[in-house]
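Read through the structure below, which is laid out as structure tokens, and then see the notes.
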Amino acid sequence: MTGNATIDDAERHKAKMAKRKAVQDAEVASKSIEKGVLLVHTGPGKGKSTAAFGLVLRALGHGWRVGVVQFIKGAWQTGERDALQRFGDQVSWHTMGEGFTWETQDKDRDIAAAARAWAKAKELMVDPSIRLLVLDELNIALRYDYLPLDDVVETLRNRRSDLHVVVTGRNAKPELIALADGVTEMGAVKHHFAAGIKAQEGIEF
């Protein structure tokens, strides 16, 4: 390639990127609404809660106070719980579940645990110091009808206007998807469990 060709390529690239920047800048400038968003992480793939805790870390970096309510996961120790509790009162963490339904094998007990978790979630929603709330595995509780869907949807719809909420878990209800500002469905292209690799510290918990 000659020197002139290289210069021409560079100029074409520069012009192309300048046009793209103008389009991107106009797109960004057209967005003026600022509000608390409802995000739903669902789908069969791995990483729904992991992504939610990534948002928690980002929020903590901005000095926000964050709430976490776990609806299904039991009281076992996880790396994210231990790490985030180092932030002290900046994180209000509540593991309210007693494990998956095949572990408890007691539907009434599961329903009672979900009700306690939902009561705690409502409490955190009205706390003006909480700016981000993660409702971990709420979708699972709704899937098994442990909570009244109408109450959950209306409560989330009528939450404080500045409160950001992230809901995780497979099989998100259509009503919740319709209400959400952003929905990410994580697909299971490949999962290491299928190859016989067990859940490991630092990866699954």
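Couple of notes before you dig in:
- Projecting the Cα atoms of G61, A141, A83 onto the charge dipole of the chain, computed from C-beta unit charges around the Cα centre, puts G61 farthest toward the positive end.
- Dipole of the chain, positive direction: furthest Cα of L38, A26, V153, with charges on the beta-carbon: A26
- For the chain, built as a Gaussian network whose Cα springs stay under 10 Å, the top-fluctuating residue of R12, R86, R131: R12
- Note on the chain: with a GNM built from Cα contacts shorter than 10 Å, the maximum mean-square fluctuation among F53, F87, F193 falls on F193.
- Rounded to the nearest 20, the size of the Cβ-charge dipole of region 2-51 about its Cα centre is 240 debye, with Lys and Arg at +1 and Asp and Glu at -1.
- Considering only alpha-carbon pairs that sit under 8 angstrom and 6 or more positions apart, the relative contact order computed for region 27-180 is 35 percent.
- All-pairs Cα distance distribution in region 1-75, expressed in whole percent, bin size 10 Å: 13, 23, 22, 19, 15, 6, 1
- Rounded to the nearest 10 square angstrom, T184 shows an accessible area of 70 square angstrom against a 1.4 Å probe.
- Of the accessible area of region 59-193, computed with a 1.4 Å probe over protein heavy atoms only, carbon and sulfur atoms account for 50 percent.
- Proximity of backbone amide H atoms, modeled 1.01 Å from N, is registered between I72 and G97 at under 5 Å, excluding neighbours fewer than 5 places apart on the same chain.
- A 1.4 Å probe run over the chain, with the rest of the protein chains in place, finds 60 Å² accessible per residue.
- Counting heavy atoms of the protein chains alone, W64 has an accessible area of about 50 Å² for a 1.4 Å probe.
- Dipole moment magnitude, nearest 20 debye, the chain about Cα centre, only Lys, Arg, Asp, Glu C-beta charged: 560
- GNM result for the chain, Cα springs below 10 Å: residue of D136, D150, D162 fluctuating most strongly: D150
- Spread over its residues, the convex hull of the C-alpha atoms of region 115-156 is 64 Å³ per residue.
- Of the labelled figures (i) 16.6; (ii) 13.7; (iii) 11.9, only one reflects mean projected area of the Cα convex hull in nm² as derived from the coordinates, namely (i).
- According to the Cα-based calculation, Rg over Rh for region 62-172 is 0.96, with Rh computed by the Kirkwood formula.
- The chain - mean residue ellipticity at 222 nm from DSSP helices (-39,500 (n - 2.57) per run, n ≥ 4, rounded to 500): -13500 deg cm²/dmol
The values are calculated or read from the model by the stated rules, or taken from the named source; none is laboratory data. The model shown is predicted, which means the values in this text are computed figures rather than measured ones. Neighbour counts run over all protein chains shown; Cβ positions are idealised from the backbone, glycine included. For accessibility, only protein heavy atoms count, side chains too; no ligands or nucleic acids. Shrake-Rupley method; radii C 1.70, N 1.55, O 1.52, S 1.80 Å.
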